[in-house]
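Contents: one structure, followed by commentary.
Read the figures in this text as sums done on the coordinates, not as results from a lab. Since this is a predicted model, take the numbers as computed values, not measurements. Every residue, glycine as well, gets a Cβ built from its backbone with ideal geometry; the counts of neighbours run over all protein chains shown.
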Ligand SMILES: [Zn+2]
């Protein structure tokens, strides 16, 4: 069965067929972070979604080129640079490094290319010049504002369609209006010419570059058009982002790119839905605004956060809760326990009779779970169905282990299947370094005893843990278990 994905461009679920005539290579561009602060959990939902798409394409044996830009020049960044009196590079470097640390904490694969906007100014200028040459961009030389704008009217005049991702009411089009900012807070029907090159103003400080249009800096939308086409070609397979980027950002990316090349820009547009936190839109005033770092400081792991972010289908609004994170811990412990037991049991067998029998049984343990998992994911990445397959498999494995009806070779086959599944999920159950459930339960009992001021019992459990080969250390972040 082939992979099907919901394409925002066609508003339908379509077979995924890459542009590569051999059907092997797939180019994928994800809008990356604007490095002016730590990324919040809503941003991370989109990045983890991008990672899932890439991992699943690789699972399907596509050769993926994954590109994610770093927006390191933009209105908010310039404001913060001014406020903090730092240099642009110093300021963005700090948040860029934090972004990559967080990406790792969530076990996201590193994109193959992570181009920075400030290192692609010549490419951006060249693209704007192309648009000027084709009559789709104009500069207001008479006015105080000498910025270069994209003309939606001229673009449409060439037979191109503005409003490919969203149904825009073009009757309300006001082509003579211009917006200099990158984000539009107005209603979705509002369409205006947008800035490609923003003329230098005193508030920009040192942040400007020379260009044929005068000193200034690029608009946000043109960065993505220039960098994606440079890395992946004028037409490429997949473009991903959060649904809040559909308009104006992605719509403008299409207009700039197709306006400049006359070619279709992207074959499949994939958009991840919003994230609510504790049932509400995240906001600092409501106290439900979390960066990844806030959640790690609460004692949750990147793995638990990743798991929770991956429990909902990417096109569904997801309610992220602290309770959900606690549930993630329990769910992961179930998987770990099962995988741990299979690892213990799946060691190579020396008894030929056992391995003989298992040749038949083995086919039942590894392959079907993979097929079911793959069938679920092929259906527009139906992750809920995929998790159901995983937990059915855990239940089945546990039952067979308890009944003694599993052979060592079956366990080995099952583990191979699990590892393939985990190459997509990326939750990495490693029984070797992971703490067994029994030990975790003892450690929790000890914490409870300490909280109840029953220190005698707490000490007794510490002794019991030691006898089982584990030492418990109290740290400011809570107790930590270490293997002796
Ligand atoms: Zn973008």
- Note on the structure: Helix 121-133 sits off the longest principal axis of the Cα atoms of the chain, rounded to the nearest 10 on a 0 to 90 degree scale, by 50
- Pull out a ≥ b ≥ c, the square roots of the eigenvalues of the alpha-carbon gyration tensor of the range 42-176, then state rounded if a/c is under 1.5, prolate if not and a/b is larger than b/c, and oblate in the remaining case. oblate
- Message: Take residue 11 and residue 83, extend 7 Å from each Cα along the Cα→Cβ direction, and tell me the distance between the two endpoints in nm.
- Response: 4.0
- Query: If you line up the Cα atoms of the range 30-74 on their principal axes, what length do they span on each, largest first, in Å?
  - Reply: 36, 21, 10
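I need the shape label for the range 186-251. Rule: rounded when a/c is under 1.5, else prolate if a/b > b/c, else oblate, with a, b, c from the alpha carbon gyration tensor. Provide the component values of the computation, followed by the final result.
Values: a/c = 2.47, a/b = 1.36, b/c = 1.82.
The shape class here is oblate.
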- Item | Distance-filtered residues of the range 377-397 - backbone nitrogen under 18 Å, label point 7 angstrom along residue 334 Cα→Cβ | 383-397
- Compute the FRET efficiency between residue 1 and residue 94 as 1/(1 + (r/R0)^6), taking r as their Cβ-Cβ distance and R0 = 51 Å, and round to the nearest 0.05. 0.65
- Message: Quick check: the distance between the Cα centres of the range 364-431 and the range 70-93, to the nearest angstrom?
- Response: 46
- Task: Kindly express, to the nearest 10 degrees and within the range 0 to 90, the angle between helix 437-451's C-alpha long axis and the longest C-alpha principal axis of the chain.
- Result: 90
- Message: Taking every DSSP beta bridge with both residues inside the chain, roughly what % is antiparallel (nearest 5)?
- Response: 50
- Item | the range 219-286 - Kirkwood radius from inverse mean 1/r over Cα pairs (Å) | 13.3
- Item | Estimated inter-spin distance, residue 437 and residue 371, nm [label 7 Å along Cα→Cβ] | 2.8
- How long is the range 1-88 along each principal axis, judged by its Cα atoms, biggest number first, in Å? 55, 24, 22
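Give the shape of the range 267-321 as rounded, prolate or oblate, defined through the alpha-carbon gyration tensor: a ≥ b ≥ c are the square roots of its eigenvalues, a/c under 1.5 means rounded, and otherwise the shape is prolate if a/b is larger than b/c and oblate if not. The partial results should precede the final answer.
Details: a/c = 2.22, a/b = 1.40, b/c = 1.58.
It is oblate, given that a/c is not under 1.5 and a/b is not larger than b/c.
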- Task: Calculate how steeply helix 220-232 sits against the longest principal axis of the alpha-carbon atoms of the chain, using the helix alpha-carbon long axis, and give the answer as 0 to 90 degrees to the nearest 10.
- Result: 70
- Message: If Rh is defined by the Kirkwood formula over all Cα pairs and Rg also comes from Cα, what ratio Rg/Rh do you get for the chain?
- Response: 1.05
- What order do you get for 439-449, 304-314 when each peptide is scored by the mean count of other beta carbon atoms within 10 Å, highest first? 304-314, 439-449
- Message: With the crude spin-label approximation of a point 7 Å out along Cα→Cβ, what separation in nm comes out for residue 423 versus residue 143?
- Response: 5.4
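Once fully extended, how much extra length lies between residue 293 and residue 468, figured as 0.36 nm per residue of separation less the alpha-carbon to alpha-carbon distance? Could you put the intermediate results ahead of the total?
Values: separation 175, 0.36 × 175 = 63.00 nm, distance 3.35 nm.
Extra length available between residue 293 and residue 468 comes to 59.7 nm.
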